[in-house]
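Participant: Structure in structure tokens, see below.
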Amino acid sequence: RVLVGRRAAVDVEFAAPEVAGQAGVKIFVMCDSYLGCDQEFDLVFDVLEAESSESEDDDDDEDDNAMDQD
């Protein structure tokens, strides 16, 4: 809860789109106490290609080896 005239910081987490490129979300901030205080924000951001980590590659190799032994 944030009082009028005060500020608050929050982290908003969401899954990024699978495809690289420009994407956007709309954030609604709703006030349950006063009329006219609701706000709407359009955020646009660039989604980058995922980087594979070595640990993920190693896990995939282990899974492949386990399947070969069957």
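Participant: Please find the FRET efficiency linking V10 to A50, where r is the Cβ-Cβ separation and R0 is fixed at 22 Å, and quote it to the nearest 0.05. Kindly include the intermediate steps, with their values, before the conclusion.
Facilitator: Details: r = 26 Å, r/R0 = 1.16.
Here the calculated transfer efficiency is 0.30.
Participant: Just need the Rg to Rh number for segment 3-47, please, alpha carbons only, Kirkwood Rh. Mind dumping the intermediate values first?
Facilitator: Values: Rg = 14.0 Å, Rh = 12.9 Å.
Ratio of gyration radius to Kirkwood radius for segment 3-47: 1.08.
Since every read-out is calculated from the coordinates, none of them should be taken as a lab result. From a predicted model like this one, the values you see are computed outputs, not experimental measurements. Neighbour counts run over all protein chains shown; Cβ positions are idealised from the backbone, glycine included.
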